[in-house]
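Visitor: Structure incoming, see below.
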Amino acid sequence: VTIMSSDSLVFVSAVDGVGVITLNRPAARNALSAQLIDDLLVSLRKCDGDPAVSAIVVTGGDKFFCAGADIQEMKQLTFVKAYTNNFLANLDNGIKAIAKPVIAAVNGYAFGGGCELAMMCDIIYAGQTARFGQPEVKLGTIPGAGGTQRLIRAIGKAKAMELILTGDVLSAVDAEKAGLVAKIFPDGEVLKQAIDLGARIGRFSQPVIAIAKECVNHAEQVTLEEGLHFERRLYHATFGLEDCKEGMTAFAEKRQAQWGNC
Ligand code: CO8
């Protein structure tokens, strides 16, 4: 993985074949400025295109994940500027285009666009004291990067509506209970656990993982009937993979499968 230039607002490293992207704008609590979003997208694409990387972790460091969109920048926005530049579409579209699994490792708060960024990822792991919230109502606006759409799918209408209409905060324990977060860990262990998860996923057949991820994400876009059709077709397609032959042969021969022949 190419380490980003020193003025980049993200820091990229690789551990066990997992690309770790750390938001690095502590003075503004990792607020998503246009430059931070660009740097994040560039590093995500680098990791996605790097054959040595099989999964990606996005984190904000030990103390906070991200305080949301950059309020200083947003303050300057007018309707015309936001609309004509399609403000924030690049973040959502950019992350959607990443084929490898993206895991959010959340310590501290993930507020506004920070919560939305975590929800754009495929899996969220959080520290016990992490907090999630959509405080946009307090700024006279609404969530603008998927909060009103993804939160309802993650935790249901009643809880999502309550958070979005009040700006109240969801604790990590409640977020895990509600299904927003896959697992919680002691704060100091989250990143390691997220990397371990990425490495574990990364040891399976890469095309199978990418296909499975695409199918799961497709479920949010289409009707059940269409989703089932899509899934069945891609399931059929996996029978064309060497890795599928290997997996089933290894099972029959009672041995570990050797992935990677594709
Ligand atoms: N934008 C810009 N600067 C920020 C932001 C932010 N979102 N959050 C914190 N900062 C800055 C502060 O202004 C302060 O700067 P300075 O030192 O120059 O005064 C510095 O970071 C430290 O802030 P605090 O002293 O407040 O730090 P604390 O750790 O005590 O508190 C909080 C952190 C609780 C996060 C608090 O700063 C806060 O409430 N921030 C605002 C959170 C918020 O309202 N977020 C929602 C923003 S709106 C949004 O995200 C819209 C979604 C649209 C999609 C976005 C996708 C990109």
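Residue-wise test of (1) under 29 Å from residue 48 (Cβ atoms); (2) out of contact with any strand residue (DSSP E or B) (no Cβ under 7 Å at 6 or more places or on another chain); (3) among the basic types (Lys, Arg).
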| residue | (1), (2), (3) |
| --- | --- |
| 126 | yes, no, no |
| 141 | no, yes, no |
| 149 | yes, yes, no |
| 154 | yes, yes, no |
| 199 | yes, no, no |
| 206 | yes, yes, no |
| 213 | yes, yes, yes |
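Visitor: Pick from 10, 18: which is farther than 29 Å from residue 141 by Cα, open to solvent by less than 70 Å² (accessible area, probe 1.4 Å) and touching a strand residue (DSSP E or B) at 6+ places or on another chain (Cβ under 9 Å)?
Guide: Only one candidate qualifies: 18.
For (1) within 16 Å of the ligand (Cβ to nearest atom); (2) assigned to a loop (DSSP other than H, G, I, E, B), each residue gets a yes or a no:
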position	(1), (2)
8	no, yes
13	no, no
22	no, no
44	yes, no
47	no, no
58	yes, no
80	no, no
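Visitor: Of all residues in region 26-40, count the ones that are more than 8 Å from the ligand (Cβ to nearest atom) and open to solvent by 10 Å² or more (accessible area, probe 1.4 Å).
Guide: Within region 26-40, residues that are more than 8 Å from the ligand (Cβ to nearest atom) and open to solvent by 10 Å² or more (accessible area, probe 1.4 Å) number 5.
Visitor: Take residue 90 and tell me if it is at positive phi, open to solvent by 20 Å² or more (accessible area, probe 1.4 Å) and within 13 Å of the ligand (Cβ to nearest atom).
Guide: In short, no.
Visitor: Right, something else. Do you know which residues across region 148-167 are touching a helix residue (DSSP H, G or I) at 6+ places or on another chain (Cβ under 8 Å) and open to solvent by 80 Å² or more (accessible area, probe 1.4 Å)? I'd like the intermediate steps shown before the answer.
Guide: Residues of region 148-167 touching a helix residue (DSSP H, G or I) at 6+ places or on another chain (Cβ under 8 Å): 148, 150-152, 154-156, 159-161, 163-167.
Once the filter is applied, which keeps residues that are touching a helix residue (DSSP H, G or I) at 6+ places or on another chain (Cβ under 8 Å) and open to solvent by 80 Å² or more (accessible area, probe 1.4 Å), region 148-167 yields 159, 161, 165.
Visitor: Name the residues in region 175-197 that are hydrophobic (A, V, I, L, M, F, W, C), more than 16 Å from the chain's Cα centre (by Cα) and assigned to a helix (DSSP H, G or I), would you?
Guide: 178
Visitor: Consider region 217-226. How many of its residues are loosely packed, with under 13 Cβ neighbours inside 10 Å and assigned to a helix (DSSP H, G or I)? Before the answer, list the steps.
Guide: Applying the first criterion (loosely packed, with under 13 Cβ neighbours inside 10 Å) to region 217-226 yields 217, 220-226.
Imposing the further condition that a residue be assigned to a helix (DSSP H, G or I) reduces the set to 217, 224-226.
The total comes to 4.
Visitor: A follow-up question, please. Restricting to region 116-165, give me the number of residues that are in a helix (DSSP H, G or I) and within 13 Å of the ligand (Cβ to nearest atom).
Guide: Selection size over region 116-165: 17.
Visitor: Let me ask something else. Does residue 196 satisfy being within 16 Å of the ligand (Cβ to nearest atom) and acidic (Asp, Glu)?
Guide: no
The values are calculated or read from the model by the stated rules, or taken from the named source; none is laboratory data. Keep in mind that this is a model prediction, so the values were computed, not measured. With ideal geometry, Cβ positions are generated from the backbone for all residues, glycine too; neighbour counts draw on all protein chains shown. Please note that ligands, DNA and RNA were not included when accessible areas were found on the heavy atoms of the full protein model with its side chains. Shrake-Rupley method; radii C 1.70, N 1.55, O 1.52, S 1.80 Å.
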